[in-house]
1. Quick check on Arg54: is it over 14 Å from Ile152 (Cα atoms), touching a residue at least 12 places away in the same chain (Cβ under 8 Å), among the charged types (D, E, K, R) and in contact with a Gly (Cβ under 9 Å, 6 or more places away or on another chain)?
2. If we keep just the residues of the range 40-60 that are open to solvent by less than 40 Å² (accessible area, probe 1.4 Å), out of contact with any Pro (no Cβ under 9 Å at 6 or more places or on another chain) and not acidic (Asp, Glu), which is farthest from Ala148 (Cα to Cα)?
3. If you take the residues in the range 66-84 that are small (Gly, Ala, Ser) and surrounded by 19 or more Cβ atoms within 10 Å (Cβ to Cβ), which one is farthest from Thr44 (Cα to Cα)?
4. Collect the residues in the range 93-123 that are in a strand (DSSP E or B), under 16 Å from Asn162 (Cα atoms) and open to solvent by 60 Å² or more (accessible area, probe 1.4 Å), keeping them in residue-number order.
5. Only residues in the range 135-146 that are under 9 Å from Asn104 (Cβ atoms) count as the first member; pair them with residues that are open to solvent by 50 Å² or more (accessible area, probe 1.4 Å), Cβ under 6 angstrom, at least 6 apart or cross-chain, and list the lot.
6. Does the range 124-149 hold any residues that are open to solvent by 30 Å² or more (accessible area, probe 1.4 Å), of a type in the set (A, V, I, L, M, F, W, C) and in a loop (DSSP other than H, G, I, E, B), and which are they?
Amino acid sequence: MNKVIKYILIVIIGTTFSGCGTYNFTGTGKIDAKTFQVNYFQNTAELIEPGIERTFTLELQDIIQNQTNLNLVTSGADLMYEGEIVEYRITPMTATADQRAAQNRLTVGVMVRFTNKNKEADDFSKKFSFFFDYDGNTQLVGAQLSSALDVIFERITQDVFNESLAKW
């Protein structure tokens, strides 16, 4: 009877630990790369907000560094991210009775080209975008603009990360 219990326990423990072999908390699994590179994302949108290209580039670098053990390099990387900010627009979303905007929406779109030297099947070129709604009576400047861009870039960089490394 003891042999049967020992056998069952060994099977349960073995199954439990073998299922967690390549899992990590970011969901990336095993990445077949050691380095990554994020080229500077130019701002080619019709409406230009100065400095957002630098902010986006740095935030994309940060999310990859924080969620993987890949090393950031300036050239010759296994994984390469490049592209441009192609959309920055403010549109009215709802109107008041006197035909003024009650709510506006800032939308930012980024075209990303991802190249994986070790697995070309993972390469893609795709547009990622997100938005931030704000009161139509306020100007989107200063701290409010920074907060809006933080929300937008957090979402876009997470989407880029998921598409390129997490495969969600």
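1. Numbers: over 14 Å from Ile152 (Cα atoms): yes; touching a residue at least 12 places away in the same chain (Cβ under 8 Å): yes; among the charged types (D, E, K, R): yes; in contact with a Gly (Cβ under 9 Å, 6 or more places away or on another chain): no.
Spelling it out, it is not the case that Arg54 is over 14 Å from Ile152 (Cα atoms), touching a residue at least 12 places away in the same chain (Cβ under 8 Å), among the charged types (D, E, K, R) and in contact with a Gly (Cβ under 9 Å, 6 or more places away or on another chain).
2. As a first pass, look at the range 40-60 and keep what is open to solvent by less than 40 Å² (accessible area, probe 1.4 Å): 41, 43, 45, 51-53, 56-57, 60.
Then drop every residue that is not out of contact with any Pro (no Cβ under 9 Å at 6 or more places or on another chain), which leaves 41, 45, 51-53, 56-57, 60.
Now drop any that are not not acidic (Asp, Glu), which leaves 41, 45, 51-52, 56-57, 60.
Values: Phe41: 19, Ala45: 17, Gly51: 14, Ile52: 12, Phe56: 13, Thr57: 16, Leu60: 16 Å.
Among residues in the range 40-60 that are open to solvent by less than 40 Å² (accessible area, probe 1.4 Å), out of contact with any Pro (no Cβ under 9 Å at 6 or more places or on another chain) and not acidic (Asp, Glu), the one farthest from Ala148 (Cα to Cα) is Phe41.
3. Taking the range 66-84 as the starting set, the residues that turn out to be small (Gly, Ala, Ser) are 75-77, 83.
Filter once more, so that each one left must be surrounded by 19 or more Cβ atoms within 10 Å (Cβ to Cβ): 77, 83.
Values: Ala77: 25, Gly83: 10 Å.
Ranking the candidates gives Ala77 first.
4. First, the residues of the range 93-123 that are in a strand (DSSP E or B): 93-95, 101-116.
Narrowing the set further to residues that are under 16 Å from Asn162 (Cα atoms) leaves 110-116.
Residue satisfying the conditions is Arg113 alone.
5. Gly136/Gln103
6. Kept after step one, since they are open to solvent by 30 Å² or more (accessible area, probe 1.4 Å), are these residues of the range 124-149: 124-127, 129-133, 135, 137-139, 141-144, 146-147.
Applying the additional criterion that residues be of a type in the set (A, V, I, L, M, F, W, C) yields 124, 130-132, 141, 143.
The one that is open to solvent by 30 Å² or more (accessible area, probe 1.4 Å), of a type in the set (A, V, I, L, M, F, W, C) and in a loop (DSSP other than H, G, I, E, B): Val141.
Residue by residue, here is whether (1) in contact with a Cys (Cβ under 8 Å, 6 or more places away or on another chain); (2) within 25 Å of Glu46 (Cβ to Cβ); (3) not charged (D, E, K, R) holds:
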{"residue": "Ala95", "(1), (2), (3)": "no, yes, yes"}
{"residue": "Ala101", "(1), (2), (3)": "no, yes, yes"}
{"residue": "Leu106", "(1), (2), (3)": "no, yes, yes"}
{"residue": "Lys119", "(1), (2), (3)": "no, no, no"}
{"residue": "Ser164", "(1), (2), (3)": "no, no, yes"}
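The values are calculated or read from the model by the stated rules, or taken from the named source; none is laboratory data. Source: prediction; values computed, not measured. Methodologically, a virtual Cβ is constructed for each residue, glycine included, from the backbone with ideal geometry; neighbour enumeration extends over all protein chains shown. Note: accessible area is taken over every heavy atom of the protein model, side chains too, but ligands, DNA and RNA are not part of it. Shrake-Rupley method; radii C 1.70, N 1.55, O 1.52, S 1.80 Å.
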